[in-house]
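Trainee: Structure incoming, see below.
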Amino acid sequence: MRVCQVAIPTPVPRLFDYLLPDSMTPPTRGARVAVPFGRRREVVGVAINIVSQTDLPPHRLRTIQRLLDESPLLTEEVLDLLGWAAQYYHHSIGEVINAALPVRLRQGGPAELPASTVWRLTDVGTAMSPAALRAPLQRRLLAALQAAPAHELDRPCVLGFGARGMVAMRALVEKGLVNAHMQELTEHSPGPTAEPHALNADQASAVGALQAARGFQPFLLRGVTGSGKTEVYLQTIERVLAKGDNALVLVPEIGLTPQLVERFQRRLGVPLAVLHSGLGEGERATAWLKARAGKAPIVLGTRSAVFTPIPRLGLIVVDEEHDASYKQQDGFRYSARDIAVMRASRAGVPIVLGSATPSLESLNQARLGNYRLLELRERAAAAASLPPVELLDLRRLAIEDGLSHPLRTAIAECLARGEQSLLFLNRRGFAPVWMCVECGFIVPCRRCDARLTYHRATARLICHHCGAEAAVPVKCPACQGARLHALGEGTERVETALARHFANARVLRIDRDTTRRKGALAAQLASVHAGEADILVGTQMLSKGHDFPNVTLVGVLNADQGLYSSDFRGPERLFQQIVQVAGRAGRAARPGRVLIQTYHPEHPIFTALRAHDYLGFADYALAERRAAGYPPFRHLALLRAESPKSGAPLAFLRRAHAFARPAPPTVELMEPVAAPMERRAGRYRAQLLVQASARKPLHAFLDTWLARIWDSKEAKRVRWSIDVDPIDMY
Ligand code: ADP
Ligand code: ZN
């Protein structure tokens, strides 16, 4: 008997046994197979092992239906990494593998790169004089083939000869002058078209250290905004490519700008496999297969690109390593940054984590000597320097539509100089609150413990948590009063106010609402670069990674939100966000200026910001974390539960808490509590925090604990999940 153990995309955390028919060649490990599962006739799974026995009774053993791949779709290296990730995050291996595959391949789509036809001259065709042909189009095609490199033309070239080009080409084939060949699509890369910068001393020593690394070695590249980190990546990758190795570059979702892709292309001139959520499924699968086939020496992508199979991997880069978008927030809740470090370690290659504002976790690793710290202390471009940061004390200043007088003056000066300003406000829509002036009633979301945001463009109230929409009430539902209005400001309101104050300026708003359409963000960024906008207003989408040389003024409209956050990461996030957005000012020759509006100018965070002292702030924040027993000094796991029934999640978590007794002394369980936003999208949510002083006992505890939870009947009554190293506690 031959039994194949298959990983199947289901939450149940184990492999499933299937009978391999005698007539079937056994699938190789990592190849896809089609199998019946539950009531479904066919699901796509991945073969993991072939064994000769099973615990299943013979009548329950079902049969593999088809093999989908002759050779493994996933390499041994990636399978091994996924196996580790499934264990570390205590998540089902089938779902983990599924997360690593592009949707097309999950659905059983072909694992071959799309092919295309090229036409190549035969010996007869090479020797023949074009003049000997009577048909003018055939004559021109033959001449073109003889002049072409390798004597071949591809489809786009032939179509370039006009509508009858293909007919003429077929005639040449019939005459034996040309052969048609099928060939995998290959990108023509022109080679580098831009020169590298001459490195400054800090950059040179960073590149030197990276280049000298042998085997696994983690580096933390901390460089102030605009210090030329990307240049360091490029020159390091250049050397990796020269050795014939390939590089994996991870970027946050937001930062994946077309400009970055272009910069890599111009400088390195090799085919890139680009993987991000803006791609169509077909494009994504093609890019992934190209990477796997080793046809793209650089794989550049967001979170899930960390799992791309890459032959001869020589280097991993994680840009903006502190960015929260590296953490998947539902389903398989992994951190792509942490997995990247594990991948580098298992593959035995160097890894660079880069940021102007590294996460406290990574900084702590550097302090412990586990990561080597490389610093870029100054801005790279000639004459560029870090912009001074000024605080605008809102206790003493009147504000109108979110803008204080000094900020408006600064914008006017910026306009007069023909430079761009950027205003940052982490809130989209027109106003976060729609309120009755008479009784104070605020329109809530019916499905969440949250308020609805007023959007003027669509004249609707929208919930930013569940997407629910409602009409704008003209009468107060509570007191029947007729005086309701929009309170507070979002990007839409600021945009309107700017248009009123600066009638001749071109105002461009960039947030999730203006960039929903595919390609919209790219188009808006391009217009900023083309100088078609004077004032930019937007959310964090505008703050990260962009290099806008003409932006000289940055205004932060409401910095205080982060100060009130209940999350222990609130101050760190706030600091990172402001440094990132401030980093957009004065990146080129003209000096920049940063204005921050706040009610708490005396807060230590702002003192550190003004001194551009991130490392000083980090010291203070790390000391606080140590005192409070938070990561990176202790390790967390969060058991979450949700249900449409109000009492169910807490009841489940109390049972789970009971299952944990006796917990080992190094592992501490908190009492189950309602989530900070208890109701969301019509579901009640609760959570139970587990803390441990070391990882090993934590994982051992989770293994036995979760197994007991899986076996319990309570676990079937709610939707629950475990989040290892959670970064958002809501
Ligand atoms: P970061 O990735 O740290 O934000 P970039 O690599 O984008 O920084 O560099 C910021 C700007 O400085 C870019 O316009 C870049 O072309 C320029 N630059 C980078 N390195 C140098 C250098 N050694 N000399 C001159 N200009 C540089
Ligand atoms: Zn809602």
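Trainee: Could you report the accessible area of residue 518 in Å², rounded to 10, computed with a 1.4 Å probe on the protein chains as they sit in the structure?
Mentor: Surface open to solvent at residue 518 totals about 140 Å².
Trainee: Using the Karplus curve 6.51 cos²θ - 1.76 cosθ + 1.60 with θ = phi - 60°, what ³J(HN,Hα) values do you get for each residue of the range 613-625, in whole Hz, with x for Gly and Pro?
Mentor: In residue order, the calculated couplings are 10, 5, 5, x, 4, 5, 4, 5, 5, 5, 4, 4, 5 Hz.
Trainee: Given a 1.4 Å probe and heavy atoms of the protein chains only, how would you sort 71, 325, 92, largest accessible area at the top? Please list the in-between numbers first.
Mentor: Details: 71 65, 325 30, 92 5 Å².
Descending accessible area places them as 71, 325, 92.
Trainee: Let me ask another. I need the shape label for the range 303-367. Rule: rounded when a/c is under 1.5, else prolate if a/b > b/c, else oblate, with a, b, c from the alpha carbon gyration tensor.
Mentor: Since a/c reaches 1.5 but b/c is at least a/b, the shape of the range 303-367 is classed as oblate.
Trainee: Now a separate question. How much accessible area per residue does the range 549-667 have, in Å², with a 1.4 Å probe?
Mentor: About 41 Å² of surface per residue is accessible.
Trainee: Let me ask something else about it. Rank-order 545-556, 196-207 by packing density, defined as the average count of other C-beta atoms within 10 Å over each peptide's residues, highest first.
Mentor: By packing density, highest mean first, the sequence is 545-556, 196-207.
Trainee: Between rounded, prolate and oblate, where does the range 608-730 land on the alpha carbon gyration tensor, with a ≥ b ≥ c its root eigenvalues, rounded for a/c under 1.5, else prolate if a/b exceeds b/c?
Mentor: Oblate shape, in that a/c is at least 1.5 and b/c is the bigger or equal ratio.
Trainee: Starting with the highest mean, order 96-105, 277-286 by the number of other Cβ atoms within 10 Å, averaged over the residues of each peptide.
Mentor: Order by mean packing, descending: 96-105, 277-286.
Trainee: Using a 1.4 Å probe on the protein heavy atoms only, what accessible surface does residue 133 show? Give it in Å² to the nearest 10.
Mentor: Result for residue 133: roughly 10 Å² accessible.
Trainee: Kirkwood hydrodynamic radius, computed over distinct alpha-carbon pairs, for the range 70-220: how many Å, to one decimal?
Mentor: The Cα-based Kirkwood calculation yields 21.0 Å.
Trainee: Quick check on the chain: helices-only [θ] at 222 nm, where DSSP H runs of length 4 and up contribute -39,500 (n - 2.57) each and the sum goes over total residues. Nearest 500, please.
Mentor: -9000 deg cm²/dmol
Trainee: If you plug each phi of the range 506-522 into the Karplus form 6.51 cos²θ - 1.76 cosθ + 1.60 with θ = phi - 60°, what whole-Hz ³J(HN,Hα) values come out, in order, with x for Gly and Pro?
Mentor: Result, ordered by residue: 8, 9, 10, 9, 10, 8, 4, 6, 8, 10, 5, 5, 4, x, 5, 4, 4 Hz.
Trainee: Let me ask something else. Name the residues whose placed amide hydrogens come within less than 5 Å of the amide hydrogen of residue 429, ignoring near sequence neighbours (fewer than 5 apart) on the same chain.
Mentor: Placed amide hydrogens put 491, 492 under 5 Å from residue 429.
Trainee: Net charge near residue 562: determine it from the other residues with C-beta under 10 Å of the C-beta of residue 562, scoring Lys and Arg +1 and Asp and Glu -1.
Mentor: Cβ neighbours under 10 Å give a net charge of -1.
Trainee: Given a 1.4 Å probe and every protein chain left where it sits, what share in percent of the accessible area of the chain is carbon and sulfur?
Mentor: Carbon and sulfur together cover 52 percent of it.
Trainee: Compute the signed sum of charges (Lys and Arg +1, Asp and Glu -1) over the other residues within less than 12 Å, Cβ to Cβ, of residue 349.
Mentor: My count for the surroundings of residue 349 gives +3.
Trainee: Sequence-distant or interchain residues sharing an amide H contact under 5 Å with residue 37, placed H: which?
Mentor: Sorted by chain and number, the residues that satisfy this are 42, 43.
Trainee: Same structure again: Counting pairwise Cα distances across the range 242-304, what percent come out greater than 19 angstrom?
Mentor: That fraction is 25 percent.
Trainee: Before I look further, what does the range 14-76 give for accessible area per residue, probe 1.4 Å, in whole square angstrom?
Mentor: Heavy-atom SASA per residue in the range 14-76 reads 61 Å².
Trainee: Two decimals is fine: what's Rg over Rh for the range 506-561, C-alpha atoms, Kirkwood radius as Rh?
Mentor: 0.95
Trainee: Based on the mean of other Cβ atoms within 10 Å per residue, sort peptides 213-221, 364-372 so the most packed one is first.
Mentor: On the way: 213-221: 18.0, 364-372: 15.6.
Packing proxy ranking, top to bottom: 213-221, 364-372.
Trainee: Could you give me the ³J(HN,Hα) list for the range 86-93, computed from phi with Karplus coefficients 6.51, -1.76, 1.60 and θ = phi - 60°, whole Hz, x at Gly and Pro?
Mentor: Per-residue couplings from phi come out as 4, 6, 5, 8, 6, 10, 4, 4 Hz.
Trainee: So what are the three principal axis dimensions of the range 403-475 from its Cα atoms, in whole Å, longest to shortest?
Mentor: Cα extents, longest axis first: 48, 28, 20 Å.
Trainee: Right, something else. Could you work out the mean projected area of the convex hull around the alpha carbons of the range 1-129, in square nanometres to one decimal?
Mentor: Value for the range 1-129: 11.7 nm².
Trainee: Can you classify the range 449-535 as rounded, prolate or oblate using the Cα gyration tensor, where a ≥ b ≥ c are the square roots of its eigenvalues, rounded means a/c under 1.5, and otherwise it's prolate if a/b beats b/c and oblate if not?
Mentor: Judged from the Cα gyration tensor, the range 449-535 comes out oblate (a/c at least 1.5, b/c at or above a/b).
Trainee: Next question. Excluding ligands and nucleic acids, what accessible area in Å² is computed for residue 330 using a 1.4 Å probe, to the nearest 10?
Mentor: 90 Å²
Trainee: With a sphere of radius 12 Å drawn around the Cβ of residue 550, what net charge do the other residues whose Cβ falls strictly inside it have (Lys, Arg +1; Asp, Glu -1)?
Mentor: Within the 12 Å Cβ shell, the charges total 0.
Trainee: Calculate the translational D of the chain in whole µm² s⁻¹ from Stokes-Einstein, where the hydrodynamic radius comes from the Kirkwood formula applied to all Cα pairs, the temperature is 37 °C and the viscosity 0.692 mPa s. Spell out each step's value before the answer.
Mentor: Values: Rh = 29.1 Å.
Value of D from the Cα-based Kirkwood radius: 113 µm²/s.
Trainee: Could you work out the percent of alpha carbon pairs in the range 428-584 separated by over 18 Å, rounded to a whole number?
Mentor: Percentage above 18 Å: 66.
Trainee: Residue 567's amide H: which non-local residues (gap 5+, or another chain) put their own amide H closer than 5 Å, with H modeled 1.01 Å from N in plane and none for Pro or chain starts?
Mentor: Residues meeting the amide H criterion: none.
The values are calculated or read from the model by the stated rules, or taken from the named source; none is laboratory data. Not measured: the values here are computed from a predicted model. All Cβ positions, even for glycine, are placed from backbone atoms using ideal geometry, and neighbour counts span all protein chains on display. Remember, those area values only see protein heavy atoms, side chains included, never the ligands or the DNA or RNA. Shrake-Rupley method; radii C 1.70, N 1.55, O 1.52, S 1.80 Å.
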